[in-house]
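A quick write-up on the structure given underneath.
The values are calculated or read from the model by the stated rules, or taken from the named source; none is laboratory data. Everything numeric here is computed off the predicted structure, so don't read it as measured data. Cβ placement follows ideal geometry from the backbone for every residue including glycine, while neighbour counts extend to all protein chains displayed.
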Amino acid sequence: FVVGCLILSQGQGGVPIGGPLSAQLADLWCVWREMVCLGKEGLQDFQISVVQGLQAAGVQPMPTVTMAHDDLFMPLSAVHDMLPSSHMWAAPRSQRVGIPVRAVLSSGLERWWQPLQWVVAWLSFPGAEIPLLRMSLWDGAIGGRLHTIAKHAVRCDRHSITTFFMSFDAVQAVLPDIVQPRSPAVAPFPYVLMARLKDNVYILCVDIPARYVPSVRRLPEVFLDCLYRVPLKWEPEGPVVAWCCSHILCGPHRGIGLLRKGVTWDLMAKGPEQVEWSKWLPKTALNARMVMSAYLPSLAHQSVWHATTLPEVLQNFRSIFMGVGALDYPDAWWKQTLKSAIRTLH
């Protein structure tokens, strides 16, 4: 309850304890609310609150909402040959031996590994059953697909799998999963997919019948409001897509690129409230030295991870140094810890 009150107060008076810590506290609050509302004991009351929220929002047509308790959802492509294994759908080991890199780059990882998805609720419309699914994080974060595959692999396979993943660009392996058209032999099915990273929720609506789109679009807003009881802010996407801790850049001149979240190529053109260091603590804050001494090394590691080319890595680090200079942090706060972090990256 203390955490909830603290997070709610931040929305009114800024972020007094700093962006990094507020995200961690928000994560704790979200985990606790999910345990309370989506557990067996609180599920019925939560279902009633969601239905009441949809009615209060005037949603038409009104679906019948039936909550589920972490029922495993089986995608069509996993029905015959894939089995659940440590938070992943995995093809039989015999199919995963000797996978050529060119096959992954042309068709993606989905043929061999897929994230598990759990049914949170069913939305029943006349002639349509739409599941609301939650999924584990994908490739771009700790706990995502690559991390999970390597961590939970059979011990004798771990070295070969890690070596295999290091032999190609992960971005190239993920893109075929996204851009390849669905096979005509696989019938489309509607669903709403949701994933959460700390205080960010990602929502994807797939193959929703046109007549039910207005109702389904309101569902995530009502559902999340009932679940977390925290004011939500929608962040529309444009040429730059914020995904987990990354910015995916799409443009005619540079093509597809990757930077840390909050970093762009035009740092000098951004306003003072748009740069990433606008959320950092001022040096006059009581806990500024403690927070930033721990936070800046983390940014150094992210600067290498959330990039695909050397110019992108340099741009990530450029944003760090511009922020340190703009806020006039003393050298003793950051120089040695940041140097140590950079040395560990070699």
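Couple of notes before you dig in:
- Under the condition of being assigned to a helix (DSSP H, G or I), over 21 Å from the mean Cα position of the chain (by Cα) and of a type outside the set (A, V, I, L, M, F, W, C), the residues counted in the stretch 304-326 number 6.
- Residue match in the stretch 309-317 (condition: under 22 Å from Lys283 (Cβ atoms) and in contact with a helix residue (DSSP H, G or I) (Cβ under 8 Å, 6 or more places away or on another chain)): yes
- Candidates Leu137, Leu109, Leu123 - the one that is under 25 Å from the mean Cα position of the chain (by Cα), closer than 25 Å to Ile203 by Cβ, modelled with pLDDT of 75 or more and not in a strand (DSSP E or B): Leu109
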